[in-house]
Amino acid sequence: MAHDMSRRRALTLGGALLGAGLAAACGTSNAVRGSAPAGSAPAPGGEITYLAEKLIDGYQQQSTGSWHVAQVWNQIVERLFYYDAAGKFHPHLATGFTQNDERTEFGLTIRQGVTFSNGERLDAEAVAANLNLLGKGDKKRGIPRAAYIPTTFDKAEAVGEYEVRIRLTAPFADFIQKLGAWTTVGILAPATVAGSLADQSDLSKIFGTGPFVVESWSPSREVVLRRRADYAWPRGDTAHRGPAYLERVTVKQVIEPSLRIGSLQAGQVDVIHYVQPTEEPFVTDGLRLIAPAFFGSVWGLQLRLTAPHMDDVRVRRALTHGIDRREILATNYPSGAWTEAKSTFNDVVPGTLDLRERFAYDPDRANSLLDEAGWTGRDRDGYRTKDGARLSFLIYPSVFITTSKADLQLIAQQWRKIGVRLEITGTDFSNYNTVTAHPDVPLYENHWLAGSQTEMWRWWHSSQGNQFMAPGAELDGLLEALAQAKSENDRIGASKAVQEYVIDNAYYIPVHEFRETWGAADRLRDLGVDGLGLISFYDAWLDS
């Protein structure tokens, strides 16, 4: 089956892949507030300063997946496919694809006339080399495989100057979507792909096809991006052709939220990432708040069934009913831009159910469930006990977002009312993924994007992310049906079954929908944010 995906006639992948329903809700749920810029014509030139909450010291592509770093990577490295702001799936470095009925073999047609920033040409050989590294990794060089590529990836090979064939060892119907799923599946120059782990971690040696190149960088402190003068192949969702307008973008790490917002309000910088929810009402005159909805999970808690006390569904359900989501939103998100979670996904993802009644705040029900589970004793601090053990759970606040700790502190107060202790323990960016992976750690946050419903398979199947640690054969079977669904309707139906299972069995506790937020000066016009919550400076320009 062939799919023509030319720039001006992009297939939205209806029955073949994801469905036109991907556009639902995104366009109407984006939040932009502040002064409205007056109309004038874009003009080239100028430099801006962008404050990020976190930068890193090594940019090997699989390390760029955090919300902070992905915003930088998105300016210099492009993908075969992308999601526009309305949620539609389009080609970029690829122009079309084919797939067999079994969904084990796929073909790609590669865009012509594209070069990497080191002068190398984009062609089938370059794309095949990228896909083989993404799909397999390289243990000898210490380069990991891409988590978005299914483990059934076999090989990619050039079968023409601009034609690539990909083989999987088992069917995976949603494979093409994974080629645009996130920054970690970008296409790099052959010289970068062939480089050592050290070279691939050195941002100055990262050669992509994007509209900006790296002029200089200081690990974990600053990245200076310079406009690429010969750039001529923008995505179809852009407003102009040719090079970017801005001459230079300086990205600086500023961890403290109050310093970021203060610098923006003082006119010292042009745009900041992660406006704190409590600061959103103050982004007004001369400034704009950009808070788009995008494909993704909601902010919630994944429960590890291997951790102490988590094997009892009554305890898990009690934790679910012990969270007052309205109090969290009213206290921590006063702007009103954030909303309660309805299920595992936000409303942007097609097929998202409204299951709020099944996990609604009900402290009486929570207390009853804990009594039934035998947690009837109380220690001197008022926490429940059984057989000499306190009902207590540990969590590490996410290092990838800035709202985590405040939400968890409020949940700790709410759970204390039902006799449950939540122990909040901090860790740093470098250790977070290691300490949270231990099967005895009972709770792990989820705030990830999801361009397709099959992300639940990637997160939760025992052969994949396995975040529940012991999902069981029934859930694995539901997730396998989701991963293999060939039509939009089948995929949505399978997704609904998974959503109901993880909510009804209290494997997952949804709390609220999640947004990426920026604050920008009005003089900086036409910032773009796509359907994955990635900002673009390509169309941006300064109004003098």
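The values are calculated or read from the model by the stated rules, or taken from the named source; none is laboratory data. All values reported here derive from a predicted model rather than from experimental measurement. Note that we place each Cβ from the backbone using ideal geometry, even for glycine, and neighbour counts take in every protein chain shown. Quick note on the areas: whole protein, heavy atoms, side chains included, nothing else; ligands and nucleic acids left out. Shrake-Rupley method; radii C 1.70, N 1.55, O 1.52, S 1.80 Å.
Tabulated results
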{"item": "Distance histogram in 5 Å bins (all Cα pairs of the range 78-198, percent per bin)", "result": "2, 12, 21, 26, 21, 12, 5, 1, 0"}
{"item": "Fraction of accessible area attributable to carbon and sulfur, the chain (%, probe 1.4 Å)", "result": "48 percent"}
{"item": "Backbone N under 13 Å from the GLN413 label point (7 Å along Cα→Cβ), restricted to the range 392-406", "result": "406"}
{"item": "Where labels lie 7 Å past Cα in the beta-carbon direction, separation of GLU161 and ALA191 in nm", "result": "2.3 nm"}
{"item": "Difference of contour (0.36 nm per residue) and Cα-Cα distance, GLU120 to ASN489", "result": "128.7 nm"}
{"item": "Solvent exposure of the chain as accessible area per residue, Å², 1.4 Å probe", "result": "36 Å²"}
{"item": "Cβ-Cβ FRET estimate between ASP230 and ARG523, R0 fixed at 25 Å, reported to 0.05", "result": "0.35"}
{"item": "HN-Hα J in Hz across the range 492-507 - Karplus 6.51, -1.76, 1.60, θ = phi - 60°, x for Gly and Pro", "result": "5, x, 5, 5, 4, 5, 5, 4, 5, 5, 6, 6, 5, 9, 6, 7"}
{"item": "Rg [Å, one decimal], Dmax [Å, integer] - the range 297-513, C-alpha atoms", "result": "16.9, 57"}
{"item": "The range 297-513: Lys pairs at Cα distance under 25 angstrom, eight or more positions apart or on different chains", "result": "6"}
{"item": "Exposed GluC sites (Glu not before Pro) absent - longest run of the chain, DSSP non-H/G/I/E/B, at most 12 other C-beta within 10 Å", "result": "162-544"}
{"item": "Label-reachable residues, the range 351-379, where backbone N falls under 14 Å from a point 7 Å from GLU340's Cα toward its Cβ", "result": "354-363"}
{"item": "R0 of 30 Å, Cβ-Cβ distance ALA266-ASP57: FRET efficiency to nearest 0.05", "result": "0.55"}
{"item": "Residues of the range 483-502 with amide N under 16 Å of the 7 Å Cα→Cβ point at THR152", "result": "483-487, 491"}
